[in-house]
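Visitor: Structure provided below as structure tokens; questions to follow.
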Amino acid sequence: MSALLTISALSRHFGGLVAVSAVDMEIAGGSVHGLIGPNGAGKTTLLNLVSGHLPSTAGRVRFQDGDITRWPNALFDDELMRLEHWTNATEQGVHAARTLLTDSPQPFAPVPFVWSDQYDRKIQTVGLVSADADLHTAHGSYAERQFVSLFGRGGRIVGALGFNRPRQVMQYRRLIAERASWDTALELANA
């Protein structure tokens, strides 16, 4: 019988603490399994990783041959992604419904969007925000605590981070979805 659930090299670190280390497991449909070990062995953490409640540090979880830990996002040249924000869950549901209702389904390729309201601060990120990208402060300043910073890679805009500039952040989300060039993003920033 083929595996219904396959766990490969699944790991989770909390700083220097290794809670789960390179777990491999296959579970066939209709089978019953137990997970035993002493307190602090990582049993609950493992279940939280498999269920998606916690992101993994490394490894994969596959259910019926589909990776449920991350997926390749065509908008970012099939870079593997995992998004844990309710906005993404809503967009996945809308995409699934559209896929069921069309004869020509498209891959799920969203622009990641995460936001938080912290007292009088609106913090938003769109796309990929990473240390290895080109960085440009497009609007406002860090000192004002109102700004939009742009992230570019491979000649195109791939992300934006904003503090108290939601309208401008959403303009860059549109550019990211259109796979706009870095120069186009800088033109908008300087307009």
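Visitor: Evaluate the charge dipole of the chain about its Cα centre and quote only its size in Debye, nearest 20, assuming +1 on the Cβ of each Lys and Arg and -1 on the Cβ of each Asp and Glu.
Guide: Dipole magnitude for the chain comes out near 420 debye.
Visitor: Sticking with this one: Just the Cα atoms of region 32-191, one point each, no solvent: what log10 I(q)/I(0) does Debye give at q = 0.12, 0.17, 0.19 Å⁻¹?
Guide: For the requested q values the scattering log ratios are -0.66, -1.07, -1.21.
Visitor: Assuming R0 = 25 Å, what is the FRET efficiency of Glu187 and Leu135, from their Cβ-Cβ distance, to the nearest 0.05? Kindly include the intermediate steps, with their values, before the conclusion.
Guide: Details: r = 17 Å, r/R0 = 0.68.
In this case the efficiency is close to 0.90.
Visitor: Would you kindly give the portion of the calculated P(r) for region 1-63 that falls above 16 Å, as a percent of all Cα pairs?
Guide: 44 percent
Visitor: Right, another one. Kirkwood Rh over Cα pairs of region 1-115 into Stokes-Einstein at 37 °C, 0.692 mPa s: D in µm²/s?
Guide: Answer from the Stokes-Einstein relation: 205 µm²/s.
Visitor: Can you compute 3J(HN,Hα) from phi for each residue in region 161-172, using the Karplus curve 6.51 cos²θ - 1.76 cosθ + 1.60 with θ = phi - 60°, rounded to whole Hz and x for Gly and Pro?
Guide: Calculated HN-Hα couplings, in order: 10, x, 10, 6, 9, x, 4, 5, 4, 5, 5, 6 Hz.
Visitor: Hey, what do the phi angles of region 148-159 turn into as Karplus ³J(HN,Hα) couplings, whole Hz, using 6.51/-1.76/1.60 and θ = phi - 60°, x for Gly and Pro?
Guide: 10, 10, 9, 10, x, 7, x, x, 9, 6, 10, x
Visitor: Can you put Phe14, Phe63 in order, fewest other beta carbons within 10 Å first?
Guide: Numbers: Phe14 10, Phe63 14.
With the fewest neighbours first, Phe14, Phe63 line up as Phe14, Phe63.
Visitor: What share of Cα pairs, in percent, lie more than 15 angstrom apart in region 111-191?
Guide: 49 percent
Visitor: While we're on this one: Read phi for every residue in region 105-118 and hand back ³J(HN,Hα) as whole Hz from Karplus 6.51 cos²θ - 1.76 cosθ + 1.60, θ = phi - 60°, with x for Gly and Pro.
Guide: x, 10, x, 6, 9, x, 8, x, 9, 10, 9, 8, 9, 10
Visitor: Separate question: List the GluC sites (Glu not before Pro) within region 76-180 that DSSP assigns to loop and that have no more than 11 neighbouring Cβ atoms inside 10 Å.
Guide: Those that pass, being in a loop and sparsely packed, are Glu84, Glu144.
Any read-out appearing in this document is the output of simple, stated calculations on the displayed coordinates, not a laboratory observation. These numbers were taken from a predicted model, which means no experiment stands behind them. Please note: Cβ atoms are built from the backbone with ideal geometry, for glycine as well, and neighbour counts cover all protein chains shown.
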